[in-house]
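Undergrad: Before I ask anything, let me first share the structure, which is written out below as structure tokens.
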Amino acid sequence: MNVKPKKILAVASGGGHWIQLMRVIPAFEGHEVVFVSTHEGYKKVAGARKFYAVTDANRWNKLRLIKMAFEVRKIVVAEKPDVVISTGAAPGLFALLWARLAGKKTIWLDSIANVEKLSMSGRLIKPFARLHLTQWEHLQGKGTVYSGNVIH
């Protein structure tokens with residue numbers, strides 16, 4: 001069965017979110033992957049693949065968060081991905097939001113660091129994620145799926 005290659009926008013902020021995103025990238029072999037993160041230095045990891053750096057912001061930096069939201073929107077509009085996947089946090093939330101509003105497929109993989117409850121971004125994006133994943137079995141339910149974790 002031939003599967004037409006898809007364009008996948010893979011989005012994560014720095015640190016553990018980025019590491020977890022890198023762990024799932026092999027699943028997209030044969031597809032075009034475009035990366036978005038908050039750290040320009042991750043461009044090296046992307047290699048020959050397209051990479052965008054966006055403003056680093058969080059809920060305590062409201063103006064920077066707004067700036068990031070529109071930077072991410074511009075990327076989603078320009079790249080026209082078939083699928084957007086994110087491991088969090090803010091840039092992923094905005095990428096999934098804009099992509100879902102454009103009718104694209106969206107996947108949220110909540111961080112393994114969130115042991116007791118879903119992350120704030122994960123809770124906020126849940127209505128916009130076509131597939132909403134947790135890495136903790138006890139957090140599955142009500143539209144959130146557990147299929148294992150990416151870091152052991």
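Taken together, the values in this text are just the output of simple stated rules run on the coordinates, not laboratory data. Since the structure is predicted, the reported quantities are computational estimates derived from the model, not experimental observations. All Cβ positions, glycine included, derive from the backbone under ideal geometry; neighbour counts span all protein chains shown.
Undergrad: Which of the peptides 141-147, 55-61, 107-113, 31-37 is most tightly packed, and how do the rest follow, judged by the mean count of other Cβ atoms within 10 Å per residue?
TA: Ranking, from highest mean packing down: 107-113, 31-37, 55-61, 141-147.
Undergrad: Here is a further query. Length gain on complete extension for the stretch Lys62 to Lys44, per 0.36 nm per residue less the alpha carbon to alpha carbon distance?
TA: 3.6 nm
Undergrad: Now, a different point. What aspartates and glutamates could a cross-link reach from Lys74, if we take a straight Cα to Cα line under 20 Å and drop same-chain neighbours fewer than 8 places away?
TA: By straight Cα distance, Lys74 reaches Glu32, Glu40, Asp56, Asp82.
Undergrad: Just checking my list (1) 102; (2) 119; (3) 110 against volume of the Cα convex hull per residue in Å³ computed from this structure; which label fits?
TA: The value computed from this structure is option (2).
Undergrad: Which whole-Hz ³J(HN,Hα) couplings does the stretch 109-125 yield from phi under the Karplus relation 6.51 cos²θ - 1.76 cosθ + 1.60, θ = phi - 60°, glycine and proline marked x?
TA: Computed from phi, the couplings for the stretch 109-125 are 10, 5, 4, 5, 5, 8, 7, 8, 7, 4, 4, 4, 4, x, 5, 5, 8 Hz.
Undergrad: Where a Cα-Cα gap under 16 Å defines reach, which aspartates and glutamates qualify for Lys44, not counting those fewer than 8 residues away within the same chain?
TA: Leaving aside aspartates and glutamates fewer than 8 places away in the same chain, none come within reach of Lys44.
Undergrad: With respect to the cross-link table entries Lys7/Lys67; Lys4/Lys126; Lys50/Lys117, which display a Cα-Cα separation exceeding 31 Å?
TA: Pairs exceeding the cut-off: Lys50/Lys117.
Undergrad: Mind sorting Ile85, Ile66, Ile125, Ile75 by how few other Cβ atoms lie within 10 Å of their own Cβ, fewest first? Mind dumping the intermediate values first?
TA: Values: Ile85 28, Ile66 13, Ile125 25, Ile75 22.
Arranged by neighbour count, lowest to highest, Ile85, Ile66, Ile125, Ile75 become Ile66, Ile75, Ile125, Ile85.
Undergrad: Mind sorting Phe94, Phe51, Phe28 by how few other Cβ atoms lie within 10 Å of their own Cβ, fewest first?
TA: Phe28, Phe51, Phe94
Undergrad: Counting only other residues whose beta carbon sits under 15 Å from that of His39, what net charge do I get with K and R as +1, D and E as -1?
TA: Overall, the nearby charge balance is 0.
Undergrad: Starting from the amide H of Gln135, placed 1.01 Å from N in the peptide plane, find each other amide H under 5 Å away whose residue is 5 or more places distant or on another chain.
TA: Those lying under 5 Å, H to H, from Gln135 are Asp110.
Undergrad: Here is a follow-up. Quickly estimate the mean residue ellipticity at 222 nm for the chain, helices only: each DSSP H run with n ≥ 4 gives -39500 (n - 2.57), and the total goes over all residues, rounded to 500. It would help to have the intermediate numbers written out before the result.
TA: Numbers: 5 runs with 49 residues, N = 152.
One gets -9500 deg cm²/dmol as the mean residue ellipticity at 222 nm.
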